[in-house]
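In what follows, a single structure is set out as structure tokens and then discussed.
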Amino acid sequence: MPGAANEEARAWLARWPGWPSGRLVLWGPEGSGKSHLAAIWQGRAKAAVTTGAALAEAEPEAALGLCTEAGAVLVEDADAAPQGRAMLHLINAASERRASLLMTARDPPGRWRASLPDLRSRLAATASVAIAAPDESLLEAVLAKHLADRGTTLRPDLLSWLVLRAPRDFSTIHALAAELDAGSLAAARAVTRPMAAEALARAMAATGHAAPEAGSDDNSMAPEHPPSRREGPLG
């Protein structure tokens, strides 16, 4: 889903193969679209694929083989495990062979657990781009997409109502889509405002956010279609 949050990341991937030093780190929170963007690049570059966990356990020679097999390499979740000689050999081999190297991670390279000074130096010299926190329009589009994939839809006003109250992170939106779909199936009806409020509370609790207190939102239990008559100044 194109949006302001991933605009810079998409621009950097579009610059390939003109990355400084031939390598790039794409980082951001879980569910932000890193793997999807990386998969698009991997298809274009015909890159070999490995993971940070695999490199942490690999012999240096195995890392060298990745660059021999392909002119580009994708390392998914590059910060998932402490990195050492295999990662250093991969970066050096990619540079020597002028192979492109894309690494995805949750954190920027400066926060990775790199055990070797030379590796820390190589990572510091690697261009990196973040996927920023999503805005409301992107969150709304992502939630609608996840619901559509599950065969569930929401009224536009209810979709907006949820996004305004949800934390600005993709993992909660993913969990919310699952809760909304499950609630709709269990009730055998379209999602209502109270059902949506309950689904949001469960999704927030599941992703480590403080669930909204009951009654904290005066609109959470408002009728689906408020009366049309106009009230006086004091209601």
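Structural remarks
- Cα centre as origin, Lys/Arg/Asp/Glu Cβ charges: segment 49-187 dipole, Debye: 280
- The distance between label points at residue 16 and residue 168 comes to 2.8 nm (points 7 Å beyond Cα on the Cα→Cβ vector).
- Accessible area of residue 27 (1.4 Å probe, protein heavy atoms only, ligands and nucleic acids ignored): about 60 Å².
- Beyond 28 Å, the tail of the calculated P(r) for the chain holds 45 percent of the Cα pairs.
- Cα extents of segment 20-109 along the three principal axes, largest first (Å): 32, 29, 20
- Checking every one of the trypsin sites (Lys or Arg not before Pro) in segment 6-74 against DSSP loop status and a limit of 15 other Cβ atoms within 10 Å picks out 46.
- Residue with peak Gaussian network fluctuation, the chain [Cα springs, cutoff 10 Å], from 148, 196, 63: 148
- On a per residue basis, the chain carries 52 Å² of accessible surface, using protein heavy atoms and a 1.4 Å probe.
- CD proxy at 222 nm, helix term only [per DSSP H run n ≥ 4: -39500 (n - 2.57); per residue of the chain; nearest 500]: -14500 deg cm²/dmol
- Size of segment 62-125 as Cα extents on the principal axes (Å, biggest first): 29, 21, 20
- Of the residues 171, 115, ranked by 1.4 Å probe accessible area with the largest first, the sequence reads 115, 171.
- The phi-based Karplus calculation (6.51 cos²θ - 1.76 cosθ + 1.60; θ = phi - 60°) puts the 3J(HN,Hα) values of segment 189-201 at 7, 5, 5, 9, 4, x, 4, 5, 4, 5, 4, 5, 4 Hz, whole numbers, x for Gly and Pro.
- Nonpolar atom fraction for the chain, defined as the carbon and sulfur part of the 1.4 Å probe accessible area, stands at 53 percent.
- Considering only 119, 81, 159, the residue lying farthest towards the positive end of the dipole of the chain is 119, judged by Cα position with unit charges set on Cβ.
- Here the Karplus curve 6.51 cos²θ - 1.76 cosθ + 1.60, taken at θ = phi - 60°, turns the phi angles of segment 6-16 into couplings of 10, 4, 5, 4, 5, 5, 5, 5, 5, 6, 4 Hz, with x standing for Gly and Pro.
The values are calculated or read from the model by the stated rules, or taken from the named source; none is laboratory data. Quick caveat, the model's predicted, so the values are computed rather than measured. Cβ: placed from backbone, ideal geometry, glycine included. Neighbour counts: every protein chain shown. Side chains included, ligands, DNA and RNA excluded: accessible areas come from the protein's heavy atoms. Shrake-Rupley method; radii C 1.70, N 1.55, O 1.52, S 1.80 Å.
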